[in-house]
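Since the structure comes first, as structure tokens, the remarks are kept for the end.
The values are calculated or read from the model by the stated rules, or taken from the named source; none is laboratory data. The model shown is predicted, which means the values in this text are computed figures rather than measured ones. Here Cβ is always computed from backbone atoms with ideal geometry, including for glycine, and neighbour counts include all displayed protein chains. The area values use the complete protein model at the heavy-atom level, side chains included, leaving out ligands, DNA and RNA. Shrake-Rupley method; radii C 1.70, N 1.55, O 1.52, S 1.80 Å.
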Amino acid sequence: MSADRASDTPHRAASSGGWMDWETILDQVDALSDQYEEDVLSLRREIHGDPELSFQEFRTADRVKKALESLGLTPRCGIAGTGIVADLQGAGPGHTLLLRADMDALPLEEENDLPFRSRNEGVMHACGHDVHTANLVGVARILCQLREQWNGTVRFVFQPAEERGGGGREMIREGILDDIPIDASIALHTMATLPPGHFSLGWNNVTSFSDRFVIRVKGRKSHSSQPQKGVDAIAIAANVVTGVNTLLLKDIDPMERATYSIGQIKGGTAPNIVAGEVEMVGMMRNVTDETRQVLRRRIEEVAKGIAAAYGGEAEFQFFEGYAAVRNDPQLTDFVARTIEECAPRWLKGIGPEQSGEACLVREQRPILGAEDYGFYTQQVPSCFYRVATGDHAPAHSAQFFVEEPYIKLCTRSMAALALRYLREY
């Protein structure tokens with residue numbers, strides 16, 4: 001929420017011909033989330049039992065399409081392959097809020113003993129995207145029912161390939177942020193590192209840029225009995241690894257969060273041959289674009305300089321990966337305030353009662369993991385929050401498990417956040 005938008009005069013209930021007061025709206029959200037809970041769980045179980053990998057979410061997308069059409073919406077399908085966008089208009093003109101869910105699964109064999117466990121060999125929803133997708137359909141149901149109680153437009157985005165391929169980036173390239181002005185964006189993610197019933201929220205940069213790089217060292221082959229006739233690419237590569245490992249100590253502010261690793265080295269043809277070429281593949285993770293550019297520049301300079309000093313050459317290639325998720329401070333303040341005020345009532349009938357302050361964990365520093373929602377946040381004032389839905393096993397593991405009652409916590413929170421934003425701005 002940019003400063004100029006935040007200062008706009010809020011839409012008032014009186015101007016909308018009899019809007020319900022906020023407490024009544026919250027009661028309605030609770031009641032409708034109860035009413036639609038079985039629909040959400042049924043869709044989630046269908047998707048969980050039939051998971052699909054990145055850019056292959058055809059059956060998942062078809063389920064989403066049919067669910068949206070049943071609400072009277074007109075989804076646009078096939079964006080970036082399997083992505084879906086649907087718009088819902090409120091009672092009058094106002095801001096546009098984008099709500100996003102991801103649909104893809106991971107290449108894992110599920111080990112959970114569930115009646116709706118994955119039927120697809122080697123594919124599993126091990127990161128909660130089945131929950132995200134079914135939840136957003138549930139949120140759409142609630143907002144449709146209450147559409148006379150808010151102004152503006154909600155854009156529902158169901159995207160492919162968050163895990164592998166940057167489906168969010170591809171949907172943005174196909175114009176989902178361009179055809180209408182998007183004022184703000186909100187997304188949630190399940191969380192397995194806190195007891196269920198908690199929310200986690202950070203300000204400013206909350207995840208990292210994640211990029212791949214390749215260094216190709218070129219020397220000159222020779223027989224090991226005549227090393228003077230060759231240029232040992234393996235020896236050069238070893239010195240490059242040592243050289244670039246000093247960059248975090250000397251080139252990056254120690255208060256910044258950045259890291260990189262060289263995870264693959266390939267080179268050499270035989271034990272008695274001086275290697276003529278070595279390829280190194282690595283990943284770098286940076287919270288800010290400033291450190292990202294420093295590392296990109298300095299790794300290339302060090303690799304080329306060391307190779308030249310030993311009589312060889314080095315080529316450097318940089319492959320841009322996921323953008324860091326940046327939570328807009330003002331929008332995040334709004335989300336935090338709403339969570340603290342409403343979380344105790346959202347938890348009724350789901351989990352142990354506790355204060356709103358206890359429910360919300362304020363993240364003190366960003367993580368170095370990647371999330372392609374970052375592509376949205378680099379262009380639109382956004383907020384990405386996490387909902388603890390079960391801490392049995394970490395995400396991306398074959399035992400990852402979501403406690404189903406807490407899915408309703410996702411539905412209640414996202415619906416309430418959307419309603420409050422569209423009523424007040």
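Using the Kirkwood formula over every pair of different C-alpha atoms, what hydrodynamic radius in Å results for the chain? Each step should come with its number before you reach the end.
On the way: mean 1/r = 0.0429 Å⁻¹.
By the Kirkwood definition, the hydrodynamic radius is 23.3 Å.
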Next item on the list: Rank by packing, highest mean first: peptides 111-119, 135-143, 234-242, with packing defined as the count of other Cβ atoms within 10 Å averaged across residues.
Entry: 135-143, 234-242, 111-119
Next item on the list: Please give every one of the lysines within straight-line cross-link reach of K221, meaning a C-alpha to C-alpha distance under 23 Å, and leave out same-chain neighbours fewer than 8 residues apart.
Entry: K229, K266, K304
Checklist line | Cα-based convex hull, the stretch 264-321, per residue volume (Å³, whole number) | finding: 85 Å³
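Which peptide among 121-134, 349-362, 168-181, 275-288 comes first, and what is the full order, when sorted by highest mean count of other Cβ atoms within 10 Å?
Values: 121-134: 24.0, 349-362: 14.3, 168-181: 17.4, 275-288: 20.5.
Put in order of decreasing packing, that is 121-134, 275-288, 168-181, 349-362.
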Margin query: Please enumerate, by chain and number, the aspartates and glutamates with C-alpha under 13 Å from the C-alpha of K408, excluding those fewer than 8 residues away in the same chain.
Written below: D30, D34, E37, E38, D39
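Is the stretch 327-394 best put as rounded, prolate or oblate by its Cα gyration tensor, with a ≥ b ≥ c the root eigenvalues, rounded for a/c under 1.5, and otherwise prolate when a/b is larger than b/c, oblate when not? The partial results should precede the final answer.
Numbers: a/c = 2.32, a/b = 1.45, b/c = 1.60.
Verdict is oblate for the stretch 327-394.
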Margin query: On a straight-distance basis, which aspartates and glutamates could pair with K218 in a cross-link, Cα separation under 16 angstrom, same-chain partners fewer than 8 positions away excluded?
Written below: D232, E277, E279, E300, E301, E313, E315
Next item on the list: With a 10 Å radius around each residue's Cβ, average the other Cβ atoms per peptide and rank 399-406, 251-258, highest first.
Entry: 399-406, 251-258
Notebook entry, point to check: Leaving out ligands, DNA and RNA but keeping every protein chain, what accessible area does K229 have, in Å² rounded to the nearest 10, with a 1.4 Å probe?
Noted result: 110 Å²
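Ignoring everything except DSSP H segments at least 4 long, calculate the 222 nm mean residue ellipticity for the chain; use -39,500 (n - 2.57) per segment, divide by total residues, nearest 500. Kindly include the intermediate steps, with their values, before the conclusion.
Values: 13 runs with 149 residues, N = 425.
My calculation for the chain gives -10500 deg cm²/dmol from helical runs alone.
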Margin query: Can you compute log10 of I(q)/I(0) for the stretch 288-425 with the Debye formula, treating each Cα as one identical point scatterer, at q = 0.09, 0.13 Å⁻¹?
Written below: -0.45, -0.75
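Tell me the per residue accessible area of the chain using a 1.4 Å probe; a whole number in Å² is fine. The partial results should precede the final answer.
Numbers: 17480 Å² over 425 residues.
Counting only protein heavy atoms, the per-residue value for the chain is 41 Å².
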Next item on the list: Take every Cα-Cα distance within the stretch 185-260, group them into 10 Å bins from 0 onward, and report for each bin the whole-number percent of pairs it holds.
Entry: 13, 25, 22, 19, 12, 8, 2
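Report the relative contact order of the chain, percent, no decimals, based on alpha-carbon pairs under 8 angstrom and at least 6 residues apart.
Working: 954 pairs, mean separation 99.6, N = 425.
Answer for the chain is 23 percent.
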